[in-house]
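Encoded as structure tokens, the structure appears first; notes follow it.
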Amino acid sequence: MNYSDIRHGEPYRLFDHGEYNLFNPIAREDLSEFIVNLLFDKHKQGRIFPVGGPWTGDNVHTIKSAGQTMFRVQGKREHFDVVPLTKWDKKIRSLRRIGKLVPKLDVVAGYLEAAKYWSVVSHVAPPYGTRSFNNYVEQLKAHNYDAGTFRERMKQGSSLTPDI
């Protein structure tokens, strides 16, 4: 999540055009309710149930549209850091090679691979709940939420997911 980065004037990172994937994020409150409803149903025990947030215009996003939402809600001019996938892949390959000598860099390469995966593969699931991503971002603004930039949070050892 880059809400605080945008608040601090940092760009929002995109791979190429930022529209490779679609996702329907689910609010933690809706997810909790979904899980609790499954707990006591014997027919659903031991099974896997995909779940996402509502399939509404304000909750189905691409990486780019999620960024646009955060810029709009915060009243900021859109400022994207566009990284070509070919450059990202080259960085991952280099870190994997160096990671054979410096294991911590191999871990970084794994993180970069995960970031790429979540940015280019759609993550859609059957809808559940009523809370939207747009509403969540508006709540962050209303509560004057500020976790510092991603870089600052990583230095502190926390990615800090907002709890409002």
> Per-residue ellipticity at 222 nm for the chain, helices alone: DSSP H runs ≥ 4 residues times -39500 (n - 2.57), over residue total, nearest 500 deg cm²/dmol?
Replying inline: -14500 deg cm²/dmol
> Once the piece of chain linking residue 102 and residue 81 is laid out straight, how much longer is it, given 0.36 nm per residue of separation minus the C-alpha distance between them?
Replying inline: 4.8 nm
> Highest GNM mean-square fluctuation, the chain, Cα pairs closer than 10 Å: which of 133, 40, 49?
Replying inline: 40
> Are there GluC sites (Glu not before Pro) in segment 1-102 that DSSP puts in a loop and that have at most 14 other Cβ atoms within 10 Å, and which ones?
Replying inline: 19, 78
> Expressed in nm to one decimal, what extension gain is obtained for the pair residue 135 and residue 42 from 0.36 nm per residue of sequence separation less their Cα-Cα distance?
Replying inline: 30.1 nm
>> If I model a spin label at residue 156 and residue 144 as a point 7 Å from the Cα along the Cα→Cβ vector, what separation in nanometres do I get?
In response: 1.7 nm
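From the Cα gyration tensor of segment 1-92, with a ≥ b ≥ c the square roots of its eigenvalues, which class applies: rounded if a/c is under 1.5, or else prolate if a/b is larger than b/c, or else oblate? Before the final figure, lay out the partial values.
Details: a/c = 2.92, a/b = 1.84, b/c = 1.59.
Prolate is the answer for segment 1-92, as a/c is 1.5 or above and a/b outweighs b/c.
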> Using 0.36 nm per residue, how much length does the chain from residue 91 to residue 125 gain when fully extended, once their Cα-Cα distance is taken away?
Replying inline: 9.1 nm
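Using only the Cα atoms of the chain, what semi-axes does the equivalent ellipsoid have when each is the square root of 5 times a gyration tensor eigenvalue? Give whole Å, largest first. Write down the numbers at each step before the final one.
Values: eigenvalues 162, 102, 53 Å².
Over the Cα atoms of the chain, the semi-axes work out to 28, 23, 16 Å.
Values quoted throughout were computed directly from the atomic coordinates according to the rules given, and no laboratory measurement underlies them. Model, not experiment: these values are computed from the prediction. Note that each Cβ is placed from the backbone with ideal geometry, even for glycine, and that neighbours are counted across all protein chains shown.
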